[in-house]
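Below is one structure, written out as structure tokens, with a few remarks after it.
The values are calculated or read from the model by the stated rules, or taken from the named source; none is laboratory data. Computed from a predicted model, the values in this text were never measured in an experiment. Because the Cβ atoms are built from the backbone with ideal geometry, glycine has one as well, and the counts that use them run over all protein chains shown. Note: accessible area is taken over every heavy atom of the protein model, side chains too, but ligands, DNA and RNA are not part of it. Shrake-Rupley method; radii C 1.70, N 1.55, O 1.52, S 1.80 Å.
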Amino acid sequence: TFTDMAAPQLTSRVEIIVSCKNLPDRDVMSKSDPMCVLFMKTPTSTHEFGRTECIQNTLNPQFNHKFQVDFCFEERQVVIFRLYDVDSSRAALQDHDFLGELETTVGELVSRRQYEAALTKTGSTKKSLIILTCLELQECKLIANFRVEGVKLDKKDFFGKSDPFLEIYQPMDEIQTESEVPRVRSWVLVHRTEFIKKNLNPKWAPFSIPLNRLCRGNRQLLLRFDCHDYDSDGSHDFIGSFYSSLESLEQEVARSRSAQRTLISKKKKSAGTIVFSQIGIETIDSFVDYIQGGTELHFTVAIDFTGSNGDPRDPRSLHHVSADGRPNQYELAIISVGEIVQDYDSDKQFPGLGFGALLPPMFSGVQDAFSLTLQPENPYCAGMPGLLAAYRSCIRAVRLYGPTNFSPVINHVASMAAAHQTGAQYFVLLIITDGIITDFEKTKQAIIKASFLPMSIIIVGVGDEDFSAMEELDSDDKRLRCGSMIAERDSFLCVASFRVAALIAAGMPWRRRYWRSFRIRCASG
């Protein structure tokens, strides 16, 4: 009977891919540099969900970054896509030119699969379009690792060599042969490499793509590979393209140690060769896999005790401890992150650190990494109550001073992580601060070194300071660099303004022999 049947799954995860046509041009000497920002709208508030990358000098962007959203059939989930012309490296949206927006629902996108609509509030008489492609993400723990290079690519620049980059597209339809290409309704950008300057034999950086994103988990799906010559004005020259399935490339690499495909130009001539020197399929374990396998999270909090927080006796101070027990912003951050992490820490003994203060009894010499218990031999606090009690006791005992140095506390936790690289332990450092980092370069170096360890770092900014400079440390789109040092992975998250609605433990896999990393994700709103 009907009542005996299993109820359908009413929640699923979807990926939203964004492209636009004919955007307004806000720049005088060049075209706009568009970025798309997704907002979630509820009856009581509207909060930012995420941002795409910025694409320079184009009015017809195809964004590489995708938005992953949980679709709930029984809820009306209103979303707003807002386009901006990026004018600086600052994170604040008011510092960029607004290009237009579209308000719709996740349900509308799911039902249409590909939705094209006109942007509103563009301030222009011309019609600007946004194209939203919505695909359900199938459960898949497989990821494809690529090493790709070009050989003897066509020269497109009159006075120099080409600056090539490669794009991978998947079809909206299920096709497996080139004869089926004409019936494809549209192609969706899956991945875009960096461009290599003045090189007809480029070797692009290795990259990885989850199989559910690359080919919807179907290795026989025919993909399209396009190669272009990068131009700074956005008018990239087409070099050539070819079609192939992941399965075909895999099999050829297994047989011959590489797979070669000829690029075909618009004139139907050879435009060079693309060589796949490596295609490896790897299983990525999830956060649940690691926790159920015995991995424990170790949570450490580091608190900013610099003078810019204000006198704790003043109710306006960020460190003011209220007589009625209301938590201040530092306590809210500790509670919000700590309540999530404590479930995965069996002994619930949390080290608490401070920095930037003068300590009793002498109050001489700034301490860059001291114990909240003021007992160097015993920095551990018993659970969340113990951690909050140690903080409240410490704030009454120390003198706020400065400077705002992050590298000592990062290096302190990194030394513990370095001693536990078997996969059984993972370390999470929460730094709560009200100010701009003083030792910025040393902090970058410390974060890069920590990226090779089983460790993640969260920085939460409290108060009204401008934290946009810290966004440089959050390397979602490219790995953090400092001189010749390059981060192994993105192990850092910056929450520029602390208005936390929820914190979600999310797996962030990284291929390493004994361990993989996890990141605590903050959804602000």
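Summary table
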{"item": "Residue among F49, F67 that alone is within 18 Å of C134 (Cα to Cα), open to solvent by less than 50 Å² (accessible area, probe 1.4 Å) and touching a residue at least 40 places away in the same chain (Cβ under 8 Å)", "result": "F67"}
{"item": "Positions within the range 157-183 being in a loop (DSSP other than H, G, I, E, B) and open to solvent by 30 Å² or more (accessible area, probe 1.4 Å), in sequence order", "result": "D157, F158, F159, K161, E174, Q176, T177"}
{"item": "Selection status of Q94, surrounded by fewer than 15 Cβ atoms within 10 Å (Cβ to Cβ) and assigned to a loop (DSSP other than H, G, I, E, B)", "result": "no"}
{"item": "Meets criteria (surrounded by 17 or more Cβ atoms within 10 Å (Cβ to Cβ), touching an Asp or Glu at 6+ places or on another chain (Cβ under 9 Å) and modelled with pLDDT of 90 or more) for F350", "result": "no"}
{"item": "Hits in the range 319-337 (condition: buried (at least 17 other Cβ atoms within 10 Å of the Cβ) and more than 29 Å from the chain's Cα centre (by Cα))", "result": "H319, H320, V321"}
{"item": "Any pair with Cβ under 9 angstrom, 6 or more apart, that starts in the range 373-385 at a residue that is open to solvent by less than 70 Å² (accessible area, probe 1.4 Å) and ends at one that is in a helix (DSSP H, G or I) and among the charged types (D, E, K, R)", "result": "M384/E339"}
{"item": "Odd one out for F276, checked against (1) under 30 Å from H420 (Cα atoms); (2) in contact with a helix residue (DSSP H, G or I) (Cβ under 6 Å, 6 or more places away or on another chain); (3) not assigned by the TED database to the domain that holds G383", "result": "(1)"}
{"item": "Filter pass, F73 being of a type in the set (F, W, Y) and open to solvent by less than 40 Å² (accessible area, probe 1.4 Å)", "result": "no"}
{"item": "Flag for A357 being out of contact with any helix residue (DSSP H, G or I) (no Cβ under 9 Å at 6 or more places or on another chain) and modelled with pLDDT of 90 or more", "result": "no"}
{"item": "Residue list for the range 26-45, restricted to those being open to solvent by 70 Å² or more (accessible area, probe 1.4 Å) and either within 20 Å of A118 (Cβ to Cβ) or in a strand (DSSP E or B) (or both)", "result": "R26, K31, K41"}
{"item": "Lone unmet requirement of (1) surrounded by 19 or more Cβ atoms within 10 Å (Cβ to Cβ); (2) in contact (Cβ under 8 Å) with a residue 24 or more places away in the chain; (3) among the aliphatic types (A, V, I, L, M) for A259", "result": "(2)"}
